[in-house]
Each structure stands twice: as structure tokens, then as C-alpha cells.
Amino acid sequence: MEQAICVKRAAALINEFCKSKRRRFLIGVSGGPDSVALLHIILELKAQGQVEELYAAHLHHGIRQSADEDLAFVRNKCRYLGIALFEEQINVPELSVKTKTTLEAAARNARYSFLERARAASGASFILTAHHMGDQAETVLLHLLRGTGLSGLCGMRPATGVLLRPLLTTPKSELMEYLSLNNLAFRVDETNLEPCCMRNRIRLELLPLLEREYNPSIIKSICSMAELLAQDDAYLDLLAEKALEEAALSSCGYDRHKLSKLEKPLKSRAVRLALGKKGALYDLQRGGIESVCSLLNAKTGAVRALPRRMQARTSYEAIVLETLPKDNTEAFEEPFLFPGETVTPAGRFVASWADELKFCEGAAVAYIDADELSCFKALVLRRRMPGDRFHPLGAPGSRKLKAYLIDKKFPKAEREVPLLASGCEVLFFPGGTASNNLRVRKTTKRILRVEFLKNEP
């Protein structure tokens, strides 16, 4: 009976999140009781025609002396069951030192990176892990003790992208009975029996105390709370996503005045979603999100540094999230070649002959009179410098480039792109126009097309 319950629970969750997708699964198998139970449960579903293909993956962490025996156990089991096994060995202790993270964090990051590589190699649609109700309760308590918001109290989700947790609603006791009824062997990780980290202490000390002294069904209660809160969390995310879409600008960034008018819970969520879309949430704590929120009412040109060479900055009406080039502050000076291609640390300038002008090609392209350009000496590509002057197209005379950029409301970050100059006279500024001195007239004999191709971040 318990066996049937285990299988039904896993099948129900898989059916919920794999409605119209191919059921090709990669299972993370450590050799422990939970992953072995999951492997055999999914095999049952495969025998019933509910799963198309099944693969296994095992990561040797290089932490315990018995890890070699764990690998051998998983190899033999997969060979006996006829399941293709993907394996890899990583020295997690060295990785922990190198990345300056705890051994637990380094192992977790290494494991999920490996599982994704194995999934891609196998062609599987989903990764399955054996997290169960006990793991969920531990995760919620861990977040609570460290300090968390609503999202942290939701614990793990049954489905996150290509990651599925089919046993998340299954008690540990059901899995152990399943193993016993089917006479299935498994490995025991002795480090799980030692109070060596906070998660282990929660499992070995705190949860038993809560069960014994306060609530015998504490694990079930915590998991029920997490499920209810996850529904509220998802609804708030929908509201924040809608607010973010309404604040999105056609050019770049978001209308910071619209975002600033949101209630605080939605405001921080909208900012978090925007950061997530740019991949800037990595290693960003709550204080970092609040710092970005403060930019919504900051002066134009305010900047907040973010992880992974990213930054948030304020434009006149917008807040912009962007990746900085590695050469963001590098000075250079390169002779301008035409026709031809000139490479700079920030990007390439490509100059080619043109028969006619084409409009609406973007601000990184300019059409200029080549004969007028030949009149200027020492044509170079460089960064903006103090004293630079620019004669805007159609203007009566030249003016300071800095004043022109401010007057035209160029975002601060866009003022530092390379430019074409002769001495202190700027002839082409990507993002603006070519100098009036180089404009194409009816009498122009040779037209030069100049395009700036910015390096990808």
C-alpha cells in the first residue's frame, strides 16, 4: 500500500508539471536511500508507459573516503537496471577554497552545474532530484533562522525550470518503507549523521525537539505552510511582473517614476524580477535589492554596482540595468582607417564606400563626405576628452561636446563610447550624428559609411 502511495505521489506531481512536454528524465543518484527510491519509482512509471526515457547522473565530490564506493555502487546498479549513467569527479574542498564558499555551498553549486551538463549531454527534458518533505521542512527552518522573506518561507518549489522534485510531498518514512518492501540496498552518507553544519543540526536536533516537545506533525505542518505561502508568493509575482511590463520603456530600462509609486512589497519584487531578467541576482543579498530600489528616487546619473560586472544607473526618466564591458575605463588611441576596419578595445569601426544614403540604420551608423574627411589631419579613434568640441548637424557652429551630450540627455554611460576625432574636434560620435562639417551634400562625390560595432559584454 505504501509503495503505491509513493508511486502515485510522484506520478501526480510529474503529471502536473509535464503536461505537454517530453518525459525524458535525468535523475541525480547519490546512492543514498532517497535517490535510490526515486530511481526505482520512476522505473515503475516507465514500465507503465508514463516515462519515455531515463538516465542517471552521479557526481563524485572528493569529500569522503567512501565516495569511491558510492560511485561503484551507483555504477553497478545502473548497469544492472540498464540505465545510462553520466558521472563526473570534482574536488569540492579545493573548489570551496577557490570560490571562498562553504563546503556545503560549493558542493551544491558543483552538483547542479554537473546535473545541467549531464542533462544537456543526454538530451533529457528534466532533471529529477529526490528532495522529500523532510528536506523541505529543513530548508524552511534554515531560511527562517538565517532571516528571510515570503519567498524563503516557501522553501523549495516542486518545479523550477527544468528541475523537478517528484518526492517533495512524500514523507521520508514512506520512502524507507518502499525500500524495505522492495528489498532495495542503498548507501549511507556518514556525514549526514554528524551535526557538522546548520542543516544537519536542524535535521538531527531541532526537528526532533519540535516533534517531541511541540508538534508531532511539525514536518507536515511546515510543508503545508510552505505550500500555502507559495500560492501567495506566486500571485504577488504576477502583480509585480505586470507592473514591470507597464514600466518597461521602448528604448532601454524602466520608467523609474512608475516603479517608485508602487507599494513597497511590489516595488522590491518588481526590482528583483528586473534584476533576475538581467542575471544580476547572483550573490545579491536583500540589502543590494534595497539599494537598487533607492535609485528610483535618486538624481540623474546615480549608480549602484552589482555582481558580475553589472550596474544599475538612473537616466532622466529611467532606471537602467546593464553589463559593463571589461574595458570600461581603458584609454586608447587608434589611427582611423578608411575604407577598412579599425579595432578598438571597446569595439570595431567599419568604414566602407556607399552609393547612397540609407536612413533609419540606427545611431551607430553615419554617412559622411569622404573628401571633406580627407581634409582633417591625424584622424584617430579614442575616448572622450576634456575640451572636445562638436559641430552638430544643422547647427550654426561648434560647442563643447559635454554640453551637447547633457543638452540631448545622453545617459552618462553612453557618453563614454569611442569617437572619431581630429585634435579636439569630434567628427563622429556613435549614438549621435556625424559633424556638420562632414555632411553629405548634393555635390558630394564619395560617400563613406561608418559603423561602430560595440563589443558584446
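Throughout, read-outs are computed from the coordinates displayed, never taken from laboratory work. Nothing here was measured: the structure is a model prediction, and the numbers come from that model. Using ideal geometry, Cβ is built from the backbone for each residue, glycine included, and neighbour counts are taken over all protein chains shown.
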For segment 363-445: relative contact order, % (alpha-carbon pairs under 8 angstrom, 6 or more apart): 44
Stretch gain in nm, segment residue 8-residue 395, where the contour uses 0.36 nm per residue and the Cα spacing is subtracted: 131.8 nm
Cut-off under 5 Å, modelled amide H: who pairs with residue 344 long-range: 349
Contact order relative to length of the chain, as percent, for alpha carbon pairs under 8 angstrom and 6 or more apart: 11
Residues whose placed amide H lies under 5 Å from that of residue 302, excluding near-sequence neighbours: 314
In sequence order, calculated HN-Hα J values of segment 195-210 (Karplus, 6.51, -1.76, 1.60; Hz; x Gly/Pro): x, 8, 9, 4, 4, 5, 5, 5, 5, 8, 10, 5, 4, x, 5, 5
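Holding the Cα-Cα limit at 31 Å, pick out from 100/402; 100/277; 277/400 the pairs that are longer than that. Walk me through the intermediate numbers first.
On the way: 100/402 43 Å; 100/277 26 Å; 277/400 38 Å.
Going by Cα-Cα distance, 100/402; 277/400 fall outside the 31 Å limit.
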Exposure proxy order (Cβ contacts within 10 Å, fewest to most) of 385, 198: 385, 198
Residue 200 versus residue 105: modelled label distance in nm, points set 7 Å from Cα along the beta carbon direction: 1.9
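Share of antiparallel DSSP beta bridges in the chain, in percent to the nearest 5? Working shown, then result.
Numbers: 45 of 63 bridges.
Antiparallel: roughly 70 percent of the beta bridges in the chain.
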Folded to 0 to 90 degrees: helix 33-47 orientation relative to the chain principal axis, Cα: 90
Using alpha-carbon coordinates, inclination of helix 133-146 to the longest axis of the chain, degrees: 50
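Could you size up the charge dipole of segment 2-225 around its Cα centre, putting +1 on the beta carbon of Lys and Arg and -1 on that of Asp and Glu, and report it in debye to the nearest 20? Working shown, then result.
Details: 28 positive and 24 negative charges, 155 e Å.
The calculated dipole for segment 2-225 is roughly 740 debye.
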Selection from 85, 97, 72, by position along the positive dipole direction of segment 68-109 (Cβ): 85
Relative contact order of segment 2-225, pairs being alpha-carbon contacts under 8 Å that are 6 or more residues apart, as %: 26
P(r) weight above 42 Å for the chain, C-alpha pairs, percent: 39
Interchain or long-range residues, amide H under 5 Å from residue 86's placed H: 56, 57, 58
